[in-house]
Amino acid sequence: MRVARTAAELDLVGEIGLVPTMGAFHEGHLSLLAAARAENDVVVASLFVNPAQFAEGEDPASYPRDEERDLQLADEAGVDVLFVPSAEEIYPPGFQTWVEVEQLGAILEGEHRPGHFRGVATVCLKLFNLVRPRRAYFGQKDAQQVAVVRRMVRDLDVPVEIRVLPTVRDADGLALSSRNALLSRDERERALALHRALEARDPSLLDGLEVDYFAEADFEPRVLAAAVRVGGTRLIDNVLVEGET
Ligand code: AMP
C-alpha cells in the first residue's frame, strides 16, 4: 500500500473504487473496503477529518484518530493507495467554492449541524475529482449523507457509481461508529436505547437521552432516523422502514 499525502502523489490508473473516511477504522469501514476490493482493480481509501463538515461549536480536534492503526488495517484490507491529505491540501488559501444540496442538506442532521452537508458534499466532489473513481462506497449508517451525495452526483452529472453497504453493528445492536470510542461504559449502555427505539419505532425508549430528532425520511430507501446525545457524544442511527436494516 502507498500513502499519498498530496493530490500530486495520487498518480492513479485503472478502474478505481474509492472509500472516503474520517479514519479511526472499525468493521463498518472494513466492510466498505472489502466491497471496494472485490469490485475494482484499484482501491483508494481517503482518511481526512474534514474540518468543513464540523458545525460551529463542534471540535474536529476531539474526533478520534489513530493513523498508525488505520494504515495497518487499510493495508490488511487490500487498499492500494491511502490518501491522507492535510486540511491545506484540500482547502488551500483562497478556497471559496462550495456545494450546497439545498433541501436534503437542510433537514434532520442538516438542521442540527448547520453547514455539515455543505462540507460533506464539497469534500466528496473534490475527492471524486481528484481520484476519479468508477465507484464510491458509503455506509447506510449515514443514510442522509448517502442521499445528499447521490443527489449531488445526479444534479452535477458526476461520473461515479454510488455503492451503499448495510450498517454494521455490535452484537448488542449498537451501530459501529468511530465516536463510540468516546463513550464511557455507562454511556455505551445507555446508547443501546438508540437502536432499540428505532427498532421498536418508539421514541419513549429514548427518555433520559437528549434527542435531536426521531423521524422518518425518504432517503431512497425510506428510513426511520434518529440522533441523540449521550454525555458529550452525539450518535446517529437509522433503520429501513421496510425490509432489512
Ligand atoms: P466515517 O469515517 O465515520 O466518516 O465513515 C466513513 C464511511 O463509513 C461512511 O460512508 C460511513 O457511512 C461508513 N460507516 C460508518 N459507520 C458504519 C457502520 N457502522 N456500518 C457501515 N458503514 C459505516
Quiz prompt | Cβ-based charge dipole, segment 197-245, positive-most Cα from G232, P221, A197 | solution = G232
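Could you sort R190, R113 by their accessible area in this structure, using a 1.4 Å probe and putting the largest first?
Details: R190 95, R113 20 Å².
Ranked list, largest accessible area first: R190, R113.
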Practice problem: Name the residues whose placed amide hydrogens come within less than 5 Å of the amide hydrogen of V241, ignoring near sequence neighbours (fewer than 5 apart) on the same chain. | Solution: R222, V223, L224
Quiz item: Roughly how compact is the chain, stated as its Cα Rg over 2.2 N^0.38 Å to two decimals?
Solution: 0.98
Quiz item: In angstroms, what radius of gyration and Dmax does segment 99-190 have, counting Cα atoms only?
Solution: 15.1, 46
Practice problem: Report, in deg cm²/dmol and to the nearest 500, the calculated mean residue ellipticity at 222 nm for the chain, where each DSSP H run with n ≥ 4 adds -39500 (n - 2.57) and the sum is divided by the residue count. | Solution: -9500 deg cm²/dmol
Exercise. Quick one: pull the percent of accessible area on segment 121-215 belonging to carbon and sulfur, 1.4 Å probe, ligands and nucleic acids left out.
Key: 46 percent
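Given segment 7-119, report the % of alpha carbon pairs whose separation exceeds 22 Å. Walk me through the intermediate numbers first.
Numbers: 2740 of 6328 pairs.
The answer is 43 percent, as a whole percent.
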Self-check item: Separation in nanometres of the label points that stand 7 Å from Cα toward Cβ, at R196 and A55
Solution: 2.7 nm
Quiz item: When ligands, DNA and RNA are left out and all protein chains stay put, how many square angstrom of accessible area per residue does segment 1-46 have with a 1.4 Å probe?
Solution: 40 Å²
Quiz item: To the nearest 10 Å², what's T97's accessible area with a 1.4 Å probe?
Solution: 100 Å²
Exercise. Can you tell me the dipole magnitude for segment 71-201 around its Cα centre, using point charges on the Cβ only (Lys, Arg +1; Asp, Glu -1), in Debye to the nearest 20?
Key: 320 debye
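The values are calculated or read from the model by the stated rules, or taken from the named source; none is laboratory data. Just so it is clear, the structure is predicted and the values come from calculations on it, not from any experiment. No Cβ is skipped: glycine too gets one built from the backbone with ideal geometry, and neighbour counts run over all protein chains shown. The accessibility values were calculated without ligands, DNA or RNA, using every heavy atom of the protein model including side chains. Shrake-Rupley method; radii C 1.70, N 1.55, O 1.52, S 1.80 Å.
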